[in-house]
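The values are calculated or read from the model by the stated rules, or taken from the named source; none is laboratory data. All figures in this text were calculated on a predicted structure; none of them were measured in a lab. Here the Cβ positions follow ideal geometry from the backbone for every residue, glycine too, while neighbour counts run over all protein chains shown.
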Amino acid sequence: MALKRVTNIHYKKHRTCLKCGTNLPKDLKDNSRIVCEYCKCEMIVDIHGNTLTLTAADHEYLRHRITPEEEKKQTENADPEVLKKLRKELSLAKKEAESWKEAAEGLARQIEEMNSR
Ligand SMILES: [Zn+2]
């Protein structure tokens, strides 16, 4: 028996019982538990955007569910730091590229001068 399935909510072939493959009810709700009509196994439904996740109820630790609020908090926390770091790295890389360009141009001039002698 599969313990977990992550799929697109519109992909009907995957909206089936993890254990026996019986079709699940059409109106799956986020953060709810359903019981298969056929084999009576219990599953947890998580819906996030177009992603449907089914987890065997006996293995709830596999859910890794984060609420939209938590997700928002995480991106809010991460973004300024990451952006700052990326910007710094980008400006350093640009400076480095400029100095390499200058060095290369200087070298090219030297070679030209040497060839013209
Ligand atoms: Zn079943």
- Message: Filter the stretch 26-62 down to the residues that are outside any strand (DSSP E or B) and among the polar types (S, T, N, Q) and list them by number.
- Response: Asn31, Asn50
- Go through the stretch 19-55 and count every residue that is over 18 Å from Arg65 (Cβ atoms) and either within 14 Å of the ligand (Cβ to nearest atom) or small (Gly, Ala, Ser) (or both). 14
- Message: Taking the conditions exactly as written (farther than 17 Å from His64 by Cβ and touching a Phe, Trp or Tyr at 6+ places or on another chain (Cβ under 8 Å)), does Thr16 satisfy them or not?
- Response: no
- Item | Residue identified as charged (D, E, K, R) and modelled with pLDDT of 85 or more among Asp79, Asp27 | Asp27
- Note on the structure: With the first residue restricted to the stretch 3-27 and required to be over 18 Å from Tyr38 (Cα atoms), and the second required to be part of a loop (DSSP other than H, G, I, E, B) and more than 10 Å from the ligand (Cβ to nearest atom), Cβ contacts under 6 Å at 6 or more apart or on different chains are Asn8/Asn50; Ile9/Asn50
- Search the stretch 50-68 for residues being among the hydroxyl-bearing types (Ser, Thr, Tyr) and closer than 15 Å to Thr7 by Cα, and hand back the single one that is modelled with the lowest pLDDT. Thr51
- Message: I need the full set of residues from the stretch 20-53 which are among the small types (Gly, Ala, Ser) and out of contact with any strand residue (DSSP E or B) (no Cβ under 6 Å at 6 or more places or on another chain), in order please.
- Response: Gly21, Gly49
- Scanning the stretch 1-18 for residues that are of a type in the set (S, T, N, Q) and more than 10 Å from the ligand (Cβ to nearest atom), the one surrounded by the most Cβ atoms within 10 Å (Cβ to Cβ) turns out to be Thr7
